[in-house]
Structures are given as structure tokens and as C-alpha cells.
1. Under a cut-off of 20 Å between alpha-carbon atoms, report the lysines in cross-link reach of K49, not counting same-chain residues fewer than 8 places apart.
2. Calculate, for E56 and E77, the FRET efficiency according to 1/(1 + (r/R0)^6) with r their C-beta to C-beta distance and R0 22 Å; round to the nearest 0.05.
3. Of the listed peptides 49-58, 78-87, what is their order by residue-averaged count of other C-beta atoms within 10 Å, with the highest listed first?
4. Each label point is 7 Å from the Cα along the Cα-to-Cβ direction; what then is the distance between the points at D20 and Q5, in nm?
Amino acid sequence: MTRAQLKAKAREVAEQLIGDEPLTMSPTVGLKEIGRMFGAAGHTPYQWKNRGVLPEADAPLSGNPAWRLPTIYQFAEDTGRTIVWDPWGLYAPSGEAEGGSGVAAVEDADEAPVEADS
């Protein structure tokens, strides 16, 4: 996936958030979704939050930190982390990442590669 494709997707999500039409996706994710998106093991996203690796949460949701999707897509771009699970359509349906980066989309979090804690 190229930076241009990631930025285009972030803009698309942002436009949906400010548009008048109903949302077709959840505009926010919590720590569990972030862990699944990056294929991170167990408590890794919680450790990222506590260590200041994740950006500041955009807003609380039911008392828990929540991030808007553009924030997390930007985090991936800024840190060079690979999104391995993306139900919002960032990766091509064929299972290959758009732009031929060689990263496959992962259907099940149990099959996702695990990234070491940062």
C-alpha cells in the first residue's frame, strides 16, 4: 500500500464523518479493534496506550478511549505499522494489499502476524 492510497482512504473516511449521509462504517475504534487491525497480541495495544505510542484518544466512548479511523490510519502511516485486518475496505478484496506492497489482508485475527511491542 502506498502513502497516497492510505491518505486517500483517510480523506474518504473523514468526508464520510462530516457528510450528511448515514455512516457506512463505525467511525471509531477502541483498543481491541486497534489490536486486531495491527495483528498485535493480547495486551499490546494497552501497552502502546500506556507508553504513549498510540496517539491521544479522540474521545471517550462508554468511558473507554476511542480513536477515529483517520487517526489510526495516520498512526499506521507515521509509524510504518502494517494494517493486517481492515473491514473498512483499505485492502483489495483479492487478499492482496492495493498497490502491490505484498501485504495480505487477514480474515481472522488468530491468523494475523504478531508485531513486537514498541
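Each reported figure results from applying straightforward, stated rules to the coordinates on display, with no laboratory input. Predicted model, so just to flag it, every value in this text is computed and none were measured. With ideal geometry, Cβ positions are generated from the backbone for all residues, glycine too; neighbour counts draw on all protein chains shown.
1. By straight Cα distance, K49 reaches K32.
2. 0.85
3. Result, highest mean Cβ count within 10 Å first: 78-87, 49-58.
4. That separation, rounded to one decimal, is 3.4 nm.
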